[in-house]
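To keep things clear, I will list the structure first and then write my remarks on it.
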Amino acid sequence: MALTAHPILARAAGGKYQAMILGCIDPRMHEPVRDFAVRHGLIGDYSQFTIAGAAIGVVAPAFAKWHETFWENLAASIKLHSIESVIAIDHRDCGAAKIAYGDDCCSTPDKEDAVHRAALAAFRQEVGQRHPNLRVETMLMALDGSFISLG
């Protein structure tokens, strides 16, 4: 029996793809992020970068050693995949937020919203400085798998 290539795998490594999705390492995030990609027609059309805290891992001073790795990967995705946008998806009850900003940072919904709004705003600003032609979407995922746009 002859094997045939999966249609997604048959595409060129370099080429035109829609986006990069930045997500968190939290195991609770994997399926909801994939569901998000399915709902937005991105399956087979996005690159993915996963780091503790998502946008928090890219901008928080506590994780400074990680920052350049993300920016180099984003630049590679732009070069290799000609992406048009980057989508950062943070989530509620994020352990990396507590590592970066202290246990009290997310002790109330208002504090948690403020932490994510600030991190996602810093992320948008930095993407804009480094890649002004790249569209940026910033999302916050609730633990029920729903998403709200922040910014």
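The values are calculated or read from the model by the stated rules, or taken from the named source; none is laboratory data. This one's a predicted model, so the numbers in the text were calculated from it and none came from an experiment. Here the Cβ is made from the backbone with ideal geometry for all residues, glycine too, and neighbour counts use every protein chain on show.
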- Residue by residue through region 27-53, note down the ones that are without any contact (Cβ under 8 Å) to a residue 40 or more places away in the chain and on the phi > 0 side of the Ramachandran plot. G41, G44
- Message: Among the residues of region 65-91, what is the count of those that are farther than 19 Å from R124 by Cα and surrounded by 18 or more Cβ atoms within 10 Å (Cβ to Cβ)?
- Response: 1
- Message: Tally up the residues in region 115-151 that are more than 23 Å from Q18 (Cα to Cα), among the charged types (D, E, K, R) and more than 15 Å from the chain's Cα centre (by Cα), please.
- Response: 1
- Query: Do we find that S107 is at positive phi and of a type in the set (S, T, Y) in this structure?
  - Reply: no
- Task: Could you tell me which of the residues V59, V38, V33 is under 22 Å from G15 (Cα atoms) and β-branched (V, I, T)?
- Result: V38
- Item | Residue that is farthest from the chain's Cα centre (by Cα), among those in region 57-95 that are among the charged types (D, E, K, R) and closer than 12 Å to C24 by Cα | D93
- Out of all the residues in region 85-128, which are among the acidic types (D, E) and part of a helix (DSSP H, G or I)? D103, D104, D110, E112, D113, E126
- Query: Taking region 49-64 as the region of interest, how many residues are closer than 13 Å to L22 by Cα and surrounded by 16 or more Cβ atoms within 10 Å (Cβ to Cβ)?
  - Reply: 10
- Residue check for E68: assigned to a helix (DSSP H, G or I) and modelled with pLDDT of 95 or more: yes
- Query: Can you name the condition, by its number, that L134 falls short on among (1) of a type outside the set (S, T, N, Q); (2) farther than 30 Å from D45 by Cα; (3) modelled with pLDDT of 95 or more?
  - Reply: (2)
